[in-house]
Amino acid sequence: MAARALHWLRTPPRPGGVREVWRVATPIIISMMSFTLMQFVDRIFLAHHSSVALRAALPAGTLSFTLTSFFQGLAGFSGTFVAQYHGAGRREECSRVTAQGIWLGILTWPLCIAVIPLGFWLLSIAGHPADVLAAEKTYMGILMLGGGMLGIQNALAGFFSGRGDTGTPMRANIVGNLANVVLNYALIFGHWGFPAMGIAGAAIATVAASALTWAILLFHYFRARFRDEFGTLKNWRIEWSLMKPLLRFGVPAALQTLQDVGAFAFFVVLLGRLAPADMAASNIAFSINNLAFMPLLGMGAAATIVVGQYKGAGDTATATRAGLSALKIAWVYMGVMALSFLLFPEAYFALFTGDGPDKVPLEDVIETGRWLMLMLAGWGFLDAVSLVLAGALKGAGDTRFVLIAATIATWLIWMPGELILILWLEAGLLAAWLYMTVFVLLLAGIFGWRFCRGGWKHITMIPAQPRLT
């Protein structure tokens with residue numbers, strides 16, 4: 001048995017199979033897990049700093065990501081083109097299209113700063129208590145000032161991950177995330193000679209850590225190996241022949257990301273109108289859910305890469321296998337997480353609660369929390385389908401369908417229903433979460449149907465290489 005297992009490990013992985021996808025996905029998942037654990041620790045720090053900080057961090061952080069997500073997604077979509085060019089064996093185009101993503105990140109950074117007043121206004125009309133609103137504005141404003149570098153960071157990371165080198169972005173992200181945890185400890189509570197800055201310190205730590213990650217990726221991008229092999233230094237100009245298709249396919253993908261996180265931000269802000277205990281329970285549950293959601297998002301990114309590479313090589317059969325292999329891995333992971341959610345809800349919630357005068361008591365949130373954890377366990381499997389197969393579709397260039405389907409399901413079905421439940425019927429937190437579960441089921445069915453039907457196989461993202469005469 002041991003000899004057979006060793007032989008299996010030494011045998012080259014089947015193209016598009018579980019082992020090949022797992023090799024690409026593992027660094028992405030580790031990177032996502034490090035980011036998730038960083039956020040998890042951040043929220044624990046803020047929960048032990050004050051209940052106001054805990055209640056403010058999720059809505060403000062989500063809104064900040066929402067307002068910058070389009071710019072991040074547009075610049076980062078260059079990585080999908082890198083995957084297809086790499087699959088086609090065209091190295092120079094890998095750096096040339098990455099340069100377009102970097103330029104998009106640079107040019108849209110001022111726009112990230114310009115929408116800060118819009119974010120403040122959106123927070124002010126949400127009806128949150130004055131102390132929570134003040135903390136939200138502080139947190140969101142600082143994050144937005146540094147939000148522009150994330151587009152550049154995504155474009156740089158796409159150069160490596162699109163070629164299958166997901167290890168370099170993983171290492172850069174781990175270093176940045178560890179730095180964020182250390183800086184949070186110092187700046188939130190005022191350790192090691194730093195002032196105690198509370199939620200402002202948490203935001204400053206996040207921006208500083210992002211700058212470190214960005215600098216590491218930039219250093220690797222311009223190393224001699226990539227300058228010589230891919231021309232990363234010479235291929236830095238804006239080229240309309242590459243920018244045009246990047247915008248054509250990247251804008252729908254970025255809009256889909258914007259509307260996804262925008263709807264979630266709207267939902268979180270809407271829940272802020274509920275009783276403080278219900279809002280705290282929901283925010284804690286969403287923080288816990290990141291332990292499952294972010295790795296699933298990583299599997300979706302892996303599906304984008306591998307499907308994109310085989311699509312660029314013209315091998316749609318293997319691209320199909322790769323997408324389904326990514327889904328199998330995601331389901332196995334979600335099974336483990338769902339089991340822990342069902343067995344240890346109190347242990348999870350205890351990390352975010354305490355007995356101090358400005359802490360959230362466990363007994364105030366755990367009864368509702370158990371039901372929320374049950375729903376998290378159920379919808380995680382559905383999330384796996386929608387995230388992984390949507391990633392696979394985007395890797396093949398089917399970005400317009402993903403945008404249209406997600407927009408219709410979100411703004412014509414999910415959001416109207418939530419508004420009726422929360423504002424009109426006043427049905428409460430559990431009803432709002434249950435309806436969101438129905439929405440996730442609908443989205444999983446749509447993307448599953450689209451991927452299996454196979455219309456994405458006929459989409460052309462990269463132009464044919466001119467023949468030499």
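Readers should treat all values here as calculations from the given coordinates under stated rules, not as data from a laboratory. Here the structure is a predicted model, which means the values were calculated and not measured. Neighbour counts are summed over all protein chains in view; Cβ atoms, including those assigned to glycine, are modelled from backbone coordinates with ideal geometry.
In table form, for the structure just shown:
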| read-out | value |
| --- | --- |
| Cβ-based net charge around TRP22, under 14 Å, with every Lys or Arg adding one and every Asp or Glu removing one | +4 |
| Charge context of ARG273, other residues only, Cβ under 12 angstrom, K/R +1, D/E -1 | -3 |
| Modelled FRET efficiency - R0 41 Å, ILE408 with ALA215, Cβ distances, 0.05 increments | 0.50 |
| Top positive-direction residue, dipole computed over the chain with Cβ charges, set ALA409, THR316, GLY190 | THR316 |
| Positive minus negative residues near ALA263 (Lys, Arg vs Asp, Glu; Cβ under 15 Å) | -3 |
| Segment ARG370-ALA427, extension gain: residue separation times 0.36 nm, minus the distance between their alpha carbons | 18.7 nm |
| Sequence ranges 132-138, 67-73, ranked by mean other-Cβ count within 10 angstrom, highest first | 67-73, 132-138 |
| Ordering of 157-167, 264-274 by burial proxy (mean other Cβ atoms within 10 Å per residue, highest first) | 157-167, 264-274 |
| Entries in LYS244/LYS457; LYS234/LYS311; LYS137/LYS328 that, when Cα-Cα distance is taken, lie over 32 Å | LYS137/LYS328 |
| Dipole in debye (nearest 20) - the chain, about Cα centre, beta carbon charges: Lys, Arg +1; Asp, Glu -1 | 2220 |
| Rg [Å, one decimal], Dmax [Å, integer] - region 158-273, C-alpha atoms | 19.1, 57 |
| Protection proxy ranking, peptides 370-383, 228-241, average beta carbon neighbours within 10 Å, highest first | 370-383, 228-241 |
| Separation in nanometres of the label points that stand 7 Å from Cα toward Cβ, at ILE238 and PHE344 | 5.1 |
| Cα long-axis angle, helix 167-189 against the chain (0 to 90 degrees, to the nearest 10) | 20 |
| Footprinting exposure proxy for CYS452, CYS112 (fewest neighbouring C-beta atoms within 10 Å first) | CYS452, CYS112 |
| Dimensions in Å of region 143-218 - Rg and Dmax from alpha carbons | 13.7, 43 |
| Inter-probe distance in nm under a simple model that places probes 7 Å from Cα toward Cβ, at ASP315 and PHE189 | 5.2 |
